[in-house]
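All remarks here apply to the structure that follows.
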Amino acid sequence: MAYEYRPGGGSLFKNKEKRPDKKDADMKGKVMLPDGTLCFFDAWSNTSAAGEKYLSVRIGNPCQQQPSAHSVAKGNGFQPQPVDDDVPW
């Protein structure tokens with residue numbers, strides 16, 4: 001079963017494409033805002049001047065949301081049609 005995002009939650013994964021000569025994020029993922037918007041989410045591992053380790057994060061632009069398994073037709077080709085409220089009787 002695929003991970004399904006829920007409002008206020010997300011996931012981060014190690015950035016396997018991180019280039020050492022750039023300031024690429026150490027971790028990349030996605031987060032769903034409380035309004036349901038799915039956005040890119042990046043994090044960098046840092047050390048403060050006092051020697052404490054912390055994560056610096058950034059929420060990016062909204063990303064193209066993939067339909068969940070619940071919203072995808074089950075392979076039978078069914079697509080809901082808009083309801084026509086202009087009934088002649």
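What does the net charge come to around N61 if you take all other residues with beta carbon closer than 12 Å to its beta carbon, with K and R at +1 and D and E at -1? Intermediate results must be reported in sequence, preceding the final value.
Details: positive: K30, R58; negative: D42.
Once all neighbours under 12 Å are counted, the net charge is +1.
Taking the number of other C-beta atoms within 10 Å as the exposure measure, put C39, C63 in order starting with the fewest. Walk me through the intermediate numbers first.
Values: C39 17, C63 12.
Fewest to most other Cβ atoms nearby, the residues stand as C63, C39.
Which value in nm describes the separation of the simple spin-label points at W44 and Y3, placed 7 Å from the Cα toward the beta carbon?
Rounded to a tenth, the inter-label distance reads 2.2 nm.
Report the net charge of residues surrounding A43, where surrounding means a beta-carbon distance below 15 angstrom and charges are Lys +1, Arg +1, Asp -1, Glu -1. Don't jump to the answer; show the numbers that get you there.
On the way: positive: K14, K16, K18, K23, K28, K30, K53, R58; negative: E17, D24, D26, D42.
In short, +4.
Once the other residues with Cβ under 15 Å from the Cβ of A25 are scored (Lys, Arg +1; Asp, Glu -1), what is the net sum? Please report the intermediate quantities before stating the final value.
Numbers: positive: K14, K16, K18, R19, K22, K23, K28, K30, R58; negative: E17, D21, D24, D26, D42.
Charge balance in the 15 Å sphere: +4.
A short reminder: the numbers here are calculations on the coordinates, not readings from a lab. Predicted model, so just to flag it, every value in this text is computed and none were measured. For neighbour counting, all protein chains shown are included, and Cβ atoms are generated from backbone atoms with ideal geometry for every residue, glycine included.
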